[in-house]
Amino acid sequence: MFQKPDFLTDYEFTVLRLHNEGVKVKNIASQLNKKEGNIRKTKVVVRKKIEKELQKTARSLRIDLDISNMPKNAGLLIGFDWIHNTKVFLIFTFTHDIIAWYDHECKTEECLKRNQETLDLICHERKIELTNDEQKLSIREQFLRVIEIIQTKKE
């Protein structure tokens, strides 16, 4: 199911995948026959690589970033697209590398379907569960709530 991004080595991706599955550093080190310090260092390298790729994607999409408000280690960048006059969220995922989501209200069934699929993917990968009340919100409001959760989530 998970697909290794080109910018990560097999080893880095394995550490990231295990970490995402909730495996503790000590156990990752044991499984990979490495020292805990090596695993911690690898996690830092991976986070930097993900951030670099997010910034590269932002530049290619001509998204204006406000780096001062960026959450650390979240695999998330927030910017503004002046052409479309809207906020843009760049989110790292295991299955689609980087997703760009433009803040908007869907007006078609196809848009609603795609946004729901994207939202479900992010919630699944990030282990985020919206409350019953949050699930009653519009897809846009749910997305913004998930972004808020990502920004405040502790590693």
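Nothing in this text is a laboratory measurement; each read-out follows from the coordinates by a stated rule. Just so it is clear, the model here is predicted, and its values are computed rather than measured. Positions of Cβ are backbone-derived with ideal geometry, glycine not excepted, and every protein chain shown enters the neighbour counts.
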Relative contact order for the chain using alpha-carbon pairs under 8 Å, separation at least 6, rounded to a whole percent? 17 percent
Taking 0.36 nm per residue of separation between residue 17 and residue 110 and subtracting their Cα-Cα distance, the length gained on full extension comes to 30.4 nm
In this structure, the FRET efficiency calculated for residue 80 and residue 133 from their beta-carbon separation, with R0 = 30 Å, to the nearest 0.05, is 0.55
Along the range 36-45, Karplus-curve 3J(HN,Hα) (6.51, -1.76, 1.60; θ = phi - 60°) to the nearest Hz, with x for Gly and Pro, reads 4, x, 5, 5, 4, 5, 4, 4, 5, 4
Taking r as the C-beta separation of residue 4 and residue 120 and R0 as 30 Å, the FRET efficiency to the nearest 0.05 is 0.85
Helix 10-20 versus the longest principal axis of the chain: what angle, 0 to 90°, nearest 10, using Cα atoms? 70 degrees
J(HN,Hα) series, the range 120-128, from Karplus relation 6.51 cos²θ - 1.76 cosθ + 1.60, nearest Hz, glycine and proline x: 4, 4, 5, 4, 5, 5, 8, 6, 9
